[in-house]
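Asks: Attaching a single structure in structure tokens format; questions to follow.
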Amino acid sequence: MKVIITTLLVALLASFPVRAAWELDAEKSALTFVSTKATNIAEVHRFTDLSGAMDGEGEVTIKIGLGSVDTGIEIRDDRMRDMLFDTGHYENATLVADVDLERLDELGLGQSMELTIEGILSLHGESATLNIDVIVARLSSSTLLVTSKRLVVVNALAFKLAEGVEALRKIAGLPSISLAVPVSFVLEFKAS
């Protein structure tokens, strides 16, 4: 009987943090995207301003500061802020998704699982639903790591960004810039 009670207590304590609120650890998280220009030239960029949380009901909200775009070239960053993202009007992109907490409760320390999450991305005044394949790992009783299993392709047309992409193409004198943008991420959450 003592073994059964101990086992139940350990299981209860191990699953408790999943039902708690979780905060995104921005310093240990990353969101990168790939732009393709002139048909065959691909470059990796990132956003440095990320924040977010998962509440006790499983609702995840991730905020991406569009002004923090970092392409490694300052003039290009400025042009993307002004001509593409229009950060004067749209400071952030936001992803909201619901996570099945019962599935996360199954996740033991040091274990990982694959999930498909349906999220709504709001960007540039538009919203679109994305299916996101992730791997969730429980690093400790108070740390979850969520990584993209596959790239998420964001299409500029869905967010009325095609004109901005075209403006960037013209000012840079490029023959093309792809409207399809692959995105990947590593997000670390800490129980709060």
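The values are calculated or read from the model by the stated rules, or taken from the named source; none is laboratory data. Keep in mind that this is a model prediction, so the values were computed, not measured. Every residue, glycine as well, gets a Cβ built from its backbone with ideal geometry; the counts of neighbours run over all protein chains shown.
Asks: Among the residues of region 73-104, write down those that are assigned to a loop (DSSP other than H, G, I, E, B), of a type in the set (A, V, I, L, M, F, W, C) and within 22 Å of R138 (Cα to Cα).
Replies: V99
Asks: For region 118-130, does any single residue satisfy the condition of being part of a helix (DSSP H, G or I) and in contact with a Gly (Cβ under 7 Å, 6 or more places away or on another chain)? Quick ask: steps written out before the conclusion?
Replies: Narrowing region 118-130 to residues part of a helix (DSSP H, G or I): none.
So far as region 118-130 goes, no, none of its residues is part of a helix (DSSP H, G or I) and in contact with a Gly (Cβ under 7 Å, 6 or more places away or on another chain).
Asks: While we're here: Hey, among the residues in region 98-114 that are within 16 Å of L145 (Cβ to Cβ) and among the hydrophobic types (A, V, I, L, M, F, W, C), which one's farthest from the chain's Cα centre (by Cα)?
Replies: Applying the filter and picking the extreme gives L109.
Asks: Answer with yes or no whether D100 is surrounded by 15 or more Cβ atoms within 10 Å (Cβ to Cβ) and either modelled with pLDDT under 95 or touching a helix residue (DSSP H, G or I) at 6+ places or on another chain (Cβ under 7 Å) (or both).
Replies: No, not satisfied.
Asks: Determine if region 130-150 includes at least one residue that is free of Cβ contacts under 8 Å to residues at least 40 places away in the same chain and at positive phi.
Replies: Within region 130-150, not a single residue is free of Cβ contacts under 8 Å to residues at least 40 places away in the same chain and at positive phi.
Asks: Scan region 105-115 and give yes if some residue there is in contact with a Lys or Arg (Cβ under 6 Å, 6 or more places away or on another chain) and hydrophobic (A, V, I, L, M, F, W, C), otherwise no.
Replies: So far as region 105-115 goes, yes, one or more of its residues are in contact with a Lys or Arg (Cβ under 6 Å, 6 or more places away or on another chain) and hydrophobic (A, V, I, L, M, F, W, C).
Asks: From S127, S142, S148, which residue is within 12 Å of the chain's Cα centre (by Cα) and small (G, A, S)? Even if it seems obvious, please write down each step before you answer.
Replies: Details: S127 fails: within 12 Å of the chain's Cα centre (by Cα); S142 fails: within 12 Å of the chain's Cα centre (by Cα).
None of the others qualify; the one that does is S148.
Asks: State which residue is farthest from A93 (Cα to Cα) when the search covers only region 168-188 and only residues that are part of a loop (DSSP other than H, G, I, E, B) and within 26 Å of the chain's Cα centre (by Cα).
Replies: Among those that are part of a loop (DSSP other than H, G, I, E, B) and within 26 Å of the chain's Cα centre (by Cα), it is S178.
Asks: Okay, next question. Keeping to region 108-129, report how many residues are free of Cβ contacts under 8 Å to residues at least 12 places away in the same chain and either within 17 Å of F189 (Cα to Cα) or among the β-branched types (V, I, T) (or both).
Replies: Looking only at that region, the number is 1.
Asks: Now, a different point. Spot the failing condition for D105; the list is (1) surrounded by 13 or more Cβ atoms within 10 Å (Cβ to Cβ); (2) free of Cβ contacts under 8 Å to residues at least 60 places away in the same chain; (3) touching a Ser or Thr at 6+ places or on another chain (Cβ under 8 Å), and only one is missed.
Replies: (2)
Asks: In addition: Quick one: which of T61, T48 is within 18 Å of T32 (Cα to Cα), surrounded by 14 or more Cβ atoms within 10 Å (Cβ to Cβ) and among the β-branched types (V, I, T)?
Replies: T61
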